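Chemist: If you scroll down you'll find the structure; I have some questions about it.
A short reminder: the numbers here are calculations on the coordinates, not readings from a lab. Not measured: the values here are computed from a predicted model. Here the Cβ is made from the backbone with ideal geometry for all residues, glycine too, and neighbour counts use every protein chain on show.
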């Protein structure tokens, strides 16, 4: 995969989350709580995990795919970055 800077990664993930899970009238940012605010449920979290693994060619262990790790775009980017560097 081509190198992607942190801002490009945030934009890609934010756009995916908005397109897949957020109603048109709701505006979210990279800091918006996704899980704890109810925007992303556990089923959606699994599909988001699959998207991340496929898009970034990484494998995130189930023990790391926690609601806390998926609660904002910023925390998702931090999680993805841990596995990109391996």
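Chemist: By count of other Cβ within 10 Å, fewest leading, how are 72, 37 ordered?
Modeler: Ascending number of Cβ neighbours within 10 Å: 37, 72.
Chemist: Separate question: If one takes the longest principal axis of the Cα atoms in the chain, at what angle in degrees, from 0 to 90 and to the nearest 10, does the Cα axis of helix 73-84 lie?
Modeler: Taking the Cα atoms of the chain, the angle to 73-84 is about 20 degrees.
Chemist: For the Cα atoms of the chain, what angle does the longest principal axis make with the long axis of helix 42-56, in degrees from 0 to 90, nearest 10?
Modeler: Rounded to the nearest ten degrees, it is 40.
Chemist: For the chain, what's the relative contact order in percent, using C-alpha pairs closer than 8 Å and at least 6 residues apart?
Modeler: Worked out over the chain, it gives 36 percent.
Chemist: Need one number: nm distance between label points at residue 85 and residue 68, each 7 Å from Cα along Cα→Cβ, rounded to one decimal.
Modeler: 1.9 nm
Chemist: Here is a further query. What's the extension gain from residue 44 to residue 59 if we count 0.36 nm per residue and subtract their Cα-Cα distance?
Modeler: 3.6 nm
Chemist: What's log10 of I(q)/I(0) for the chain at q = 0.12, 0.17, 0.20 Å⁻¹, Debye sum over Cα points only, no solvent?
Modeler: Normalising to I(0) and taking log10 leaves -0.31, -0.63, -0.89.
Chemist: Let me ask something else about it. Angle check, please: helix 6-21 long axis (alpha carbons) against the longest principal axis of the chain (alpha carbons), in degrees 0 to 90, nearest 10.
Modeler: Approximately 40 degrees, to the nearest ten.
Chemist: Let me ask something else. Under a GNM of the chain (C-alpha, springs under 10 Å), which listed residue has the highest mean-square fluctuation: 22, 76, 13?
Modeler: The residue with the greatest mean-square fluctuation here is 22.
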